[in-house]
Amino acid sequence: METNIIKGKECAEKVLQNLSDKISALPTEETPILAVIMVGDNEASQIYVRNKQKAAAKIGMGCEVMEFSSSIGENALLEVIDELNSNHHINGIIVQLPLPSHIDTLKVLSRIRSSKDVDGFGPYNSGLLSYNSEQAVISATPKGIMHLLLSTGIELKGKNAVVIGRSNIVGKPIAMLLTNHNCTVTLAHSKTTNLPDIIKTSDIVVAACGRAKMIKGDWLKEGAVVIDVGINRIDGKLCGDVDYDSAIGKASYITPVPGGVGPMTIAMLLSNTFEAFIRQQSEPECSCGKSGCHCHH
Ligand code: NDP
């Protein structure tokens, strides 16, 4: 079988070009601004944040990175978020994960005003997603994955899909999105006992388990559509969670690593920030003064 490569990089470039055009056509002097909070000196986080900054600069979007030592206290971090929440020049706020273990991630994410939660990780936007609400800010990686899946033109309705990995930032939201698109979804994880059997019957496979080349080509159903979210390194070389070489010839579509889901994640984050900017321009800021306020979203 011929395997089509889903070109995430090209797709992301189109999204970014479109955003760049929209930003340069804005009538006001204002430009959307994303605030990125980074705690500690996690090397991977630094690379991801640098890439976000570069992409934002390229399309004329502001990106303010605030770096804090890993010893920052939870209350101090919450105060930073409160200030950003009430700063009218900041349109989107993200906290680069993971946070150090002494900080309660859910508490921090919950503090971001829902209208500025452009990662969509907060409980309010996650809840809206489970309601299949159009108001939900959908987190960047799952949103990018759906964009890539839809770009293939395949019918999603009634398809069997398996998502491997149940994290709050990738696995669970993508499973929810696929459900909302009428797929029948299995959400697999490290305690799943019969993964190859489940994959064998799946038309769509989304691999997000962070295990290099774990999913083998001979586990796949002939013609499966494979989305590889994993970012792993073997001897310094990037690879996904799918054994790409053995999936070629078996899958009908596959995303490469690098150049697949990764570039789409950044494009979707900036897209969410632009949308937040537009919404905030047309809706007055909430005046209740409460941080994390949901009166206005
Ligand atoms: P997490 O480590 O938070 O979650 C991994 C998930 O995979 C867990 O649910 C875990 O199960 C499951 N898992 C681990 N081992 C197995 C196994 N042997 N079989 C089945 N399931 C397993 O990772 P993330 O969701 O944050 O990220 C997943 C991957 O995606 C990583 O490689 C990450 O680098 C990449 N990533 C890529 C992005 C991109 O833009 N391309 C963005 C975000 C992440 P359990 O819950 O039982 O522990």
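Listed peptides 30-37, 132-139 appear in the order 30-37, 132-139 once ranked by packing, highest mean of other Cβ atoms within 10 Å at the front. The HN-Hα couplings worked out from phi for region 4-12 by the Karplus form 6.51 cos²θ - 1.76 cosθ + 1.60 (θ = phi - 60°) are 8, 8, 7, 8, x, 5, 5, 4, 5 Hz, whole numbers, x standing for Gly and Pro.
Across region 140-149, computed HN-Hα scalar couplings (Karplus, 6.51 cos²θ - 1.76 cosθ + 1.60, θ = phi - 60°) run 4, 5, x, 5, x, 5, 5, 4, 5, 4 Hz from first to last residue, x flagging Gly and Pro.
Over all pairs of different C-alpha atoms, the chain has a mean inverse distance whose reciprocal, the Kirkwood radius, equals 19.8 Å.
In region 107-175, what trypsin sites (Lys or Arg not before Pro) fall in a loop by DSSP, with at most 16 other Cβ atoms inside 10 Å?
Answer in residue order: 157.
Taken one residue at a time, the phi angles of region 33-40 give Karplus couplings (6.51, -1.76, 1.60, θ = phi - 60°) of 10, 9, 9, 10, 9, 10, 10, x Hz. Gly and Pro are set to x.
The residue among 124, 262, 212 whose Cα reaches farthest toward the positive pole of the charge dipole of the chain, with charges on the beta-carbon of Lys, Arg, Asp and Glu, is 212.
Relative to the 2.2 N^0.38 Å rule of thumb, region 1-81 has a C-alpha radius of gyration ratio of 1.46.
Taking the Cα centre of each part, how many Å lie between region 54-87 and region 1-35? Between the Cα centres of region 54-87 and region 1-35 lies a distance of 22 Å.
With contacts taken as Cα pairs under 8 Å and at least 6 residues apart, the chain reaches a relative contact order of 23 percent. Length, then width, then depth: along the principal axes, the Cα atoms of region 45-149 run 40, 33, 28 Å. Remark: for residue pairs 159/200; 14/172; 7/250; 22/54; 7/52; 143/250, the C-alpha separation exceeds 21 Å in 14/172; 143/250. Put simply, the Cα atoms of region 67-129 extend 32, 26, 15 Å along their principal axes, the longest span coming first.
Residues whose amide H comes within less than 5 Å of that of residue 113, counting only those at least five positions distant or on another chain, are 292 (H built at 1.01 Å from N in the peptide plane). Result for the chain in a Gaussian network model with C-alpha springs under 10 Å: among 21, 203, 82, the largest mean-square fluctuation is at 21. Within the chain, DSSP assigns beta bridges of which about 10% are antiparallel (rounded to the nearest 5).
Note on the chain: GNM, Cα springs under 10 Å; of 181, 189, 88, the largest mean-square fluctuation is that of 88. Computed over the alpha-carbon atoms, region 72-217 gives an Rg to Rh ratio of 1.03, Rh here being the Kirkwood radius from the mean inverse distance. For residue 221, the residues whose modelled amide H falls within less than 5 Å of its own, excluding neighbours fewer than 5 places apart on the same chain, are 202. Neighbour counting of Cβ atoms within 10 Å sorts the residues 250, 237, fewest neighbours leading, into 237, 250.
With a simple spin-label model that places each label point 7 Å from the Cα along the Cα-to-Cβ direction, the separation between residue 17 and residue 71 comes to 5.0 nm.
Read-outs: derived from the displayed coordinates by stated rules, not from any lab. Bear in mind that the values here come from a model prediction, so they are computed numbers and not experimental data. Note: ideal-geometry Cβ built from the backbone for every residue, glycine included; neighbour counts use all protein chains shown.
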